[in-house]
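Notes follow once the structure below has been shown.
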Amino acid sequence: MEILIYGTINSVALALYALGFALVYGICRLPNFAHGALYVLSGFIAWTMINTLKTNLLVAVVATLIVTGIIGAVIYRLFLIRVRGMEISEIIASYAIALAILEGLRWGGFRGMTYTLPVFVEGSMTIGGISVDYQRILVVVVGAALVAGLWLFTHYTRVGLALRGMAQDERAALMLGIDSDMMAVVAMGMGSMLAAFAAILLLPLGNIVVESGYNVLILAIAVCIVGGLGSWMGAVLAAFLIGFAQILTVVYLGAHYQMMVALLAIIFTLILKPSGLFGQQKELEERV
Amino acid sequence: MKTTHAKLMMILLIAVLMGLSSGSALAEKPIVIGCPLATAFLYGWDAERGVTLAIEEINAQGGVDVGGKKRPFKIEVIDTRDLEPGVPVSEALLAVEKLILDKEADFLIGGPVRSEAALAAMPLLSKYKKVSIVTTGVLTPKYHAMVAENYDKFKYCFRIHGEAKNLVGEIFANFADLKAKYGFNNLFIIAQDVSHARGAAEIIKKVATKKGWNVTGLEIYPTGATDFSIGLLKAKKTNTEIINIWMDMPESAILLKQWYDMQIPALPFGSTLAAAEQPGFWKATDGKGEYTLCNVVNAGNAPSNATPWTMKFYEAYTKRWGVEPEGLGTSSSYMAVYVLKDAIERAGSLDPDKVVAALEKTDMMGVYGRLRFDPKSHQVIPSTDPKEGAVGSILQWQNGQRVVVYPKSIAMGEIQLPPWMGK
């Protein structure tokens, strides 16, 4: 039972880490290596709003989502647009931005173990003899709602359809009058908001530390590679595969090997099926 | 009138001379103390603050008497980053070498903080003949064992805080008390995947089994792990009564939050548990960390009356930094500067071999008891009585306060159990 419960929670957490990264890559083929840094930054923004500006939790959540979204959009407009299409440069530039954010936070005094966000619901309940706290249940419920919401957004709204058009064929989308740079700004803003969303949901379970930015990035990349770069549904499925594999590893082999699961998943995927589970475009390239 | 003028002139002259004499210490070439520390982490920044406070106090008193000349101390810090996950040991070695070559450090105090990095730095210290006093982090018994095994090569290395074997002894003294009082017999061990923690966890497992404890499990978590639920459930399933924790990563706070949220009926007993050492732990866990025990290695890192100097230091630190001494490395880093000053003054020189000889003869009453080094291994001599040696300190979070519960000679309270343990 604990495998089912905590496997699901772990999988949803991984999906939340990865969704923003998958969305940005899926739409504008931009590997945003600043994703983990934006996750940590949004945690500190929320913390500052609650503890320094003394705003209530709901205001802090909304403001954090908006501010992080704007930061993501600005990062694209000011820096990443200049290297757009040059994949190695995109990786280097976005990783440099990540370093600047994380090291800037550290330099600014955001270090130590005492930065935390409040949980939305206090308390715990027992499911099948296993105690689970409400915040973790909330993570699963909200995570599922978010995936459903994203699907609806990309299938039934004009902006969502434009984003999908970009994801499928950027040149064709351009011919149809879709502003690809504007859509990339929107995608980057949305990807950053998703990072903030994950932070607001998951950070109350622990504490906000600068170093977690690197871990979140590694996990997001692992999920996206296994799922197939650019595929959001692939990312969700991969999150469940890796999430349950991690929990099974902890139960039967030991927690020590937990991090290896994600790294081994990357290695095996690249050896056996480099396009990942749902990486259709890359798969076509592989066949050629 | 004339006598009043003469008196005034005399007072002015004395004042000028006094100013000149204290200024002359500052005018002399400073003795550079290099501090290789992981400054983004508790064990790094508290050590830096401890060293800085001691240097400020010593310089305010005129500095260090080196063969009749008063010279001030000067601190140089380089971030070793050795407590960060994924940062190679070579980074810390570069920091040590840079302190020696670029910053021209005369002595080293502090780290490297991670045991692996400190061990790797030992040959560098002998290469450059730099006396180093390790004051924070480094808990591996191998450090002083290496000095004892190869004294001529590693004689420049000293450690002024307790090490893993002391911590193990202190833990079992408490476990024995808990067994006698509540009949506890089931022990679960959780450790971080780093040298000192892995090693100590294995030692605890062996010793506990020998002492008749039922070790219900040993889980080793990678540095940076953020979910401990399965390990905690294993502890609960096996009727564990004590969870022994060895972790210095910030995420250890998550473990304790999960312990509370899941209402695990076992006492969290941290040996190294950096998150719980800090005064901010209570707020960071919204009080969920109540009943957590942790070892801050030496007295003075939590309030107690171990020696007359303990609370004097505690208050001076709090006044200077606006926060109480936060954990392992604070009082030991502070005392290392005073011990070095004492050794330099007795040696009358900065010559490393003479200072080593003087350090071996150190015998002074400090913040955490009587400070002496074992002349063969250069490890500070531990004791449970501050009059005999360096005393440790185990605290428990009780009602928002860090209450020292061990050793009995300096305890300010007794261990309490969480209500959901039903004892």
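The values are calculated or read from the model by the stated rules, or taken from the named source; none is laboratory data. Note that the structure is predicted; figures quoted are calculated from it, not measured. Note that each Cβ is placed from the backbone with ideal geometry, even for glycine, and that neighbours are counted across all protein chains shown.
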> So which residues in the stretch A:31-41 are farther than 15 Å from A:Trp232 by Cβ and either part of a helix (DSSP H, G or I) or aliphatic (A, V, I, L, M) (or both)?
Replying inline: A:Ala34, A:Gly36, A:Ala37, A:Leu38, A:Tyr39, A:Val40, A:Leu41
> Which residues, counting only those in the stretch B:359-369, are out of contact with any helix residue (DSSP H, G or I) (no Cβ under 6 Å at 6 or more places or on another chain) and surrounded by 20 or more Cβ atoms within 10 Å (Cβ to Cβ)?
Replying inline: B:Gly369
> So which pairs qualify, if the first residue must be in the stretch A:102-122 and aliphatic (A, V, I, L, M), the second must be crowded, with 21+ Cβ neighbours inside 10 Å and in a loop (DSSP other than H, G, I, E, B), the Cβ gap must be under 6 Å, and the two must be at least 6 apart or on different chains?
Replying inline: A:Leu102/A:Val210; A:Leu105/A:Val210; A:Met113/A:Asn207; A:Met113/B:Pro250
> For the stretch B:170-216, which residues satisfy the criterion of being outside any helix (DSSP H, G or I), away from chain A (no Cβ under 14 Å) and either among the hydrophobic types (A, V, I, L, M, F, W, C) or under 13 Å from B:Glu241 (Cβ atoms) (or both)?
Replying inline: B:Gly183, B:Phe184, B:Asn185, B:Asn186, B:Leu187, B:Trp213, B:Asn214, B:Val215, B:Thr216
>> Which numbered condition in (1) surrounded by fewer than 18 Cβ atoms within 10 Å (Cβ to Cβ); (2) on the phi > 0 side of the Ramachandran plot is the only one that A:Val59 fails?
In response: (2)
> If you check B:Glu219, B:Glu241, which single one turns out to be among the acidic types (Asp, Glu), at the interface with chain A (Cβ under 9 Å from one of its Cβ atoms) and either in contact with a strand residue (DSSP E or B) (Cβ under 7 Å, 6 or more places away or on another chain) or farther than 22 Å from A:Gly7 by Cα (or both)?
Replying inline: B:Glu219
>> Being surrounded by fewer than 24 Cβ atoms within 10 Å (Cβ to Cβ), of a type in the set (D, E, K, R) and more than 7 Å from chain A (Cβ to nearest Cβ) is the filter here; which residues of the stretch B:257-284 pass it?
In response: none
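Matching residues to (1) within 29 Å of A:Gly165 (Cβ to Cβ); (2) part of a loop (DSSP other than H, G, I, E, B):
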| position | (1), (2) |
| --- | --- |
| A:Ile3 | no, no |
| A:Thr8 | no, no |
| A:Tyr17 | yes, no |
| A:Ile27 | yes, no |
| A:Gly43 | no, no |
| A:Trp47 | no, no |
| A:Leu53 | no, yes |
| A:Val61 | no, no |
| A:Ile75 | yes, no |
> So which strands (runs of 3 or more DSSP E) stay within the stretch B:321-423 end to end and still have 1 or more residues that are more than 27 Å from B:Gly63 (Cα to Cα)?
Replying inline: B:394-398, B:401-406
>> Please go through (1) farther than 30 Å from B:Gly413 by Cβ; (2) away from every other protein chain (no Cβ under 14 Å); (3) touching a strand residue (DSSP E or B) at 6+ places or on another chain (Cβ under 7 Å); (4) surrounded by 19 or more Cβ atoms within 10 Å (Cβ to Cβ) for B:Glu163 and return the number of the only condition it doesn't satisfy.
In response: (1)
> From the list B:Pro352, B:Pro382, which residue is touching a residue at least 40 places away in the same chain (Cβ under 8 Å), surrounded by 15 or more Cβ atoms within 10 Å (Cβ to Cβ), touching a Gly at 6+ places or on another chain (Cβ under 6 Å) and not basic (Lys, Arg)?
Replying inline: B:Pro382
> Pairs under 7 Å by beta carbon, first residue under 12 Å from A:Gly112 (Cα atoms) in the stretch B:269-297, partner buried (at least 24 other Cβ atoms within 10 Å of the Cβ) and of a type in the set (D, E, K, R), six or more apart or different chains?
Replying inline: B:Ala274/B:Asp248; B:Glu277/B:Glu326; B:Gln278/B:Glu326; B:Pro279/B:Glu326; B:Pro279/B:Arg402
>> Tell me whether the stretch A:145-159 contains one or more residues that are outside any loop (DSSP other than H, G, I, E, B), within 14 Å of another protein chain (Cβ to nearest Cβ) and at pLDDT 85 or above.
In response: no
